[in-house]
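Accompanying notes for the structure given below.
The values are calculated or read from the model by the stated rules, or taken from the named source; none is laboratory data. What you see is a predicted model, and the numbers here were worked out from it, not measured in a lab. Every residue, glycine among them, receives a Cβ derived from its backbone with ideal geometry; neighbour counts consider all protein chains shown.
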Amino acid sequence: MRKLLLLSIVLVTGVVFASRLFYLQVYNTSYEKLSENNAVKVVYDYPQRGYIFDRNGELLVSNQPSYDVMVIPKDVKPLDTLEFCKLLNISKEDFVAKMERARVYSPRLPSVVLPQLTKTEYAALSEKMYKYDGFYIQKRSLRDYQVGHSANVLGYISEVNERIIKENPYYQMGELIGMGGVEKQYEEILRGKKGVKYLQKDRFNRDIGPYKEGIYDTLPVRGSDIELTIDAKLQEYGEKLMVNKRGGIVALEPKTGEILALVAAPNYDPSLLVGRERSKNFTKLYYDTIAKPLFDRVLQGEYPPGSPFKTLTALIGLQEGVIDLDEKISCHGGYNYGGRKKLGCHHHVSPLAMIGGVAHSCNSYFATVYRRTIDKYATPQEGIDRWRKHLLSFGLGDYLGYDLPVGKKGLIPDSDFYNRYYQYPKYKWYTPATISNSIGQGEVLLTPMQMVNFTAAIANRGYYYKPHIIKNIVGVDTIPSAYQERQNTTIDPQYFEPVIQGMNDVYNYGTAAYIQIPGIEICGKTGTAENYIKIDGKRMQLTDHSVFVAFAPKDNPKIALAVFVENGYWGSRWAGRIAGLMIEQYLRGEITRKDMEDFVLNGSLMEEYEKPYRDEPFTINQ
Amino acid sequence: MGRKLQLDWITILLYLALVTAGWMNIYSASMEETQASFFDFGQIYFKQLIFIFTSMVLIVFILAVDAKFYERFSSIIYLISLASLLGLFVFGKNINGATSWYSFGAIGLQPSEFAKAATALALGKYVSDIQTNMRELKHQLQSFLIIFLPALFIIPQPDPGSALVYAAFVFPMYREGLNYIFIFLAFLSATLFVGTLLVGVQWMFLLTVTVTLLYFLYRRKRKKKRIRWFNYGFFVIICFAFTLSVNYVFNNIFEQRHRDRFNIVLGKEVDAKGIGYNTNQSEIAIGSGGWTGKGWLQGTQTKGNFVPEQHTDYIFSTVGEEWGFLGSMAVVLLFIFLIIRVLFLAERQKSTFGRVYGYSVASILFFHFFVNIGMVTGLLPTIGIPLPFISYGGSSLWGFTILLFIFVRLDASNYINR
């Protein structure tokens, strides 16, 4: 029996293959017709790509027709190259190189010779194309950007490369695919489905009508339009405020998790990546490795969050019951935890209770709360993991699950992290070794998107919806269910009020008192984050990042946002002002604090960014 | 020694016939009408010709080496082969998204093609060891490890097709005493998987219950004694759980392209110009061949619509179009004769080593043959592995040649000692 198994399988396989071949080749005759020599030509019919609108129905992206000159190398007959090059307006060397590339790709499949002609060029060319066998013009649709902002949100489309073709046979050489932002995320919805036509040809290679009355043809399916949650006015205003600065702004509607604005600076005009100049422009953006315009700082930048993180330290302390609202903790210019240097603090009134602690951003206060939280448990390992569990419930330390194709996890360290870091159990470690986490400066890293998410959760008093950019898919009229599920944090609702009061007092008398906006109750928290850079292996400290998180109005919040300005120094200097302006723009539609607006619009940090590259000593935090 | 080697000429002639048929079809698939000279080193068919000649040189070397060498050095050969697979992660060259190649100037070498022979040698050596008993779980697991390691290194290249080939080694292991339950389980899970996708969870559940019940009644009637119905119930529950997990795996773990491939083969989706493009065009090409085909070099237009892989994995569609049903059947029969011949020779080996190696050769050839022609004729999902001796490619041809001719050498010495 053991000898016969493989033998019988081989024989059965032989019979199966014989029957299959008999069926394909002898019994079923329709294949024969479909492949009649030189009789059938395949033509694709590309549907319109779906439009993109903002939340108020403003059109952001539509389409414009474009024409590609294509070639099937094996059908090319000897031609007057010089005349043809003149017609196409390209050099002979260029033409020869392109033909060679097309031949290497495939002699029998179409390749692009000259992409993206304008309508006028097409008109001039189309009446002469019949003279050149093997060449034809393929109509496609290109993106037509109605706005000059949101490039990081919208993404772009470009020709598929060979790798994509190999992975997904839907695409063929010269076809277009979404390569970033919502164009990539919602590619299949926006794209629709291309149609195919089989044309009967005679022996002179002329089309003589549809093959078999078109029974094998399929119609193209138009791509669906989509509506984004972005508020175009707010987005545009945000990008204007961020000119000559680096960093980002992200604003959410706390009640729904809808992304109102997603500004990454520096940015670029999306129209740069359309048409024949596309590749030149893209190269320029791609190789700017200092300003990194293609790097979405809001989604991909991992930064130490700085003081806004103290709100979470407070919430966790309250939930764990280690601090009373009324208990005052004194600060003698810093927190002494037994290290060589104490954890310094700035000048403010002392002692402070919870609300004042948030308003004045007192380092000692939060270091104390953090230490008690961790030390409540038998071992620091247990305490850290408990602390981490609370933070994870705010969507930190992992991908948030939003619908844009790039992102970073950030970092919320756990006990394993510190055990590795301090080589436990060879060396023991205790809470003070991690004390910087209490003020958002230790090992903790967040993306600006994660910062706004926890701010929204605070605004909602304990829950959030996953941030998302899709408002509606027209025709389907729904969005993925993941964005309709409420995510609850591990903090009980009653603990949020005192922290929110503290954030409100940041504006009333605290670290952002001088940037109040009359008539709007804003809650916010400033942050000033230390940071370092490595150039040629030399580690340098740069001017602090200016960070600000806020939401407004205090009751029934309509907008939550996080603002991040690289090397902007203290929190309210740049980020705080920008946050205030964004809030006023969104809630009122106009700006009353023109002085603040002028300061931001005219201010530039370019000088600051050039410092480390100048090859001379420089001072920071001026 | 000194006597003439008693080579098995039937195997050698079958080999030569397949290689010749392969080259003729590669020539047809890669030739261009505008090509002026035959001797163009850049042309695919010319390169294949060079590969064939170098294979002949390889054969001479393989036959010149003493048969004992292969058994004695099998472990070292296996380790070198593993190292060459690992080395890819450092020195490999990325071609079309996969790092499966070493590049030496104009020549590329794909170590995964040679690893099959090395693994077959190692398995033969291990199983033939006097202390190995394939009926013991420990030894079964250790031989699985020998097979599993190269596959594990090949998957991340990524080349899941080539890694899948190692499943073929289950046949020699079964021959040497592996419990039939492994084969049964593999077959059962494949049936449940495909069945669930085809008819749905409810029907599969009904079917499982019915079949189990019938078997239960049959057993009870025959044995006339109490048998434990509990085991049968447990079996049904396991099957049901597996069936339920299928949808989850299919929808959440598979990627869209994998789903598409399955759906097309199962006939759940008809998509002539989109995802099923390769398979559809391949079926049209084969189907248009009719009884006798269009003749050598005459099948042109349908090939014009192929993706640029027709000379490698899809070479059989050229056979089908130009040589028709008779030509395709000839190739299928050549393969079946070759596999059966190797099986026959394997059974008459005196040493366990030779038998296991021969079985491995037959199984690997069969697996490639089965998956490749199944894919090209639209019976199986798209899994890109070459058709032995026929598909274009130096590493592939050399790899299979080495695999086969080591066995021819082993068999020849077997004959002498008789």
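Some points to look at:
- Test: residue in region A:595-602 that is closer than 20 Å to A:L260 by Cβ and not in a helix (DSSP H, G or I): no
For (1) within 14 Å of another protein chain (Cβ to nearest Cβ); (2) part of a loop (DSSP other than H, G, I, E, B), each residue gets a yes or a no:
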{"site": "A:D133", "(1), (2)": "yes, yes"}
{"site": "A:I137", "(1), (2)": "no, no"}
{"site": "A:S141", "(1), (2)": "no, no"}
{"site": "A:V147", "(1), (2)": "no, yes"}
{"site": "A:N152", "(1), (2)": "no, no"}
{"site": "A:S158", "(1), (2)": "no, no"}
{"site": "A:R163", "(1), (2)": "yes, no"}
{"site": "A:K166", "(1), (2)": "yes, no"}
{"site": "A:Y171", "(1), (2)": "yes, yes"}
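- Residues located in region B:278-292, provided they are of a type outside the set (G, A, S) and either more than 7 Å from every other protein chain (Cβ to nearest Cβ) or assigned to a helix (DSSP H, G or I) (or both): B:N278, B:T279, B:N280, B:Q281, B:E283, B:I284, B:I286, B:T292
- Flag for B:F216 being part of a helix (DSSP H, G or I), away from every other protein chain (no Cβ under 14 Å) and of a type outside the set (A, V, I, L, M): yes
- Hits in region A:99-116 (condition: within 14 Å of chain B (Cβ to nearest Cβ), buried (at least 17 other Cβ atoms within 10 Å of the Cβ) and either acidic (D, E) or not in a helix (DSSP H, G or I) (or both)): A:S106, A:P107, A:R108, A:L109, A:P110, A:S111
- Of all the residues in region A:310-353, those that are basic (K, R) and modelled with pLDDT of 85 or more number 2.
- Where helices (runs of 4 or more DSSP H) fall entirely within region B:103-191, those with at least 2 residues that are of a type in the set (V, I, T) are at B:111-128, B:137-154.
- Qualifying residue in region A:311-332 (condition: of a type outside the set (D, E), assigned by TED's automatic domain parsing to the domain that holds A:I469 and under 28 Å from A:P612 (Cβ atoms)): no
- Counted residues, region A:309-366 - those being part of a loop (DSSP other than H, G, I, E, B), touching a strand residue (DSSP E or B) at 6+ places or on another chain (Cβ under 6 Å) and under 19 Å from A:I435 (Cα atoms): 3
- Highlighted here are the strands (runs of 3 or more DSSP E) found entirely within region A:513-586 that include at least 3 residues which are among the small types (G, A, S): A:523-535, A:538-552.
- Only one of A:K119, A:K128, A:K86, A:K77 that is modelled with pLDDT under 80 and either surrounded by fewer than 16 Cβ atoms within 10 Å (Cβ to Cβ) or within 14 Å of chain B (Cβ to nearest Cβ) (or both): A:K119
- Unique residue being closer than 30 Å to A:C523 by Cβ and free of Cβ contacts under 8 Å to residues at least 24 places away in the same chain when the list is A:H332, A:H347, A:H360: A:H347
- Yes/no for A:P480 being within 22 Å of the chain's Cα centre (by Cα) and modelled with pLDDT under 90: yes
- Pairs where the first residue, in region B:331-354, is at negative phi and away from chain A (no Cβ under 11 Å) and the second is acidic (D, E) and assigned to a helix (DSSP H, G or I), C-beta under 8 Å, 6+ apart: B:L345/B:D411; B:Q349/B:D411; B:S351/B:E71; B:F353/B:E71; B:G354/B:D411
- Test: residue in region A:272-291 that is in contact (Cβ under 8 Å) with a residue 12 or more places away in the chain, farther than 23 Å from A:G397 by Cβ and charged (D, E, K, R): yes
- Count of residues meeting criterion [under 30 Å from A:N63 (Cβ atoms), under 40 Å from the mean Cα position of the chain (by Cα) and either touching a residue at least 12 places away in the same chain (Cβ under 8 Å) or part of a loop (DSSP other than H, G, I, E, B) (or both)] in region A:76-98: 5
- Residues within region B:372-383 that are surrounded by fewer than 24 Cβ atoms within 10 Å (Cβ to Cβ) and either touching a strand residue (DSSP E or B) at 6+ places or on another chain (Cβ under 8 Å) or more than 10 Å from chain A (Cβ to nearest Cβ) (or both), tallied: 3
- Only one of the numbered conditions (1) under 18 Å from B:A167 (Cβ atoms); (2) facing chain A (nearest Cβ under 8 Å); (3) more than 13 Å from the chain's Cα centre (by Cα) is not met by B:S363, and that is (3).
- Scanning region A:238-266 for residues that are part of a strand (DSSP E or B) and among the β-branched types (V, I, T) gives A:I249, A:V250, A:I259, A:V263.
- Under the condition of being of a type in the set (G, A, S) and either over 30 Å from A:P169 (Cβ atoms) or at pLDDT below 90 (or both), the residues counted in region B:325-343 number 1.
- Any hit, region A:385-393, residues being under 24 Å from A:L262 (Cα atoms), in the same structural domain as A:Q319 (by TED's automatic domain parsing), surrounded by fewer than 17 Cβ atoms within 10 Å (Cβ to Cβ) and within 28 Å of the chain's Cα centre (by Cα): yes
- The set of residues from region A:439-471 being of a type outside the set (A, V, I, L, M, F, W, C), outside any loop (DSSP other than H, G, I, E, B), under 21 Å from A:D555 (Cβ atoms) and touching a residue at least 40 places away in the same chain (Cβ under 8 Å) comprises A:N453, A:T455, A:Y464, A:Y465.
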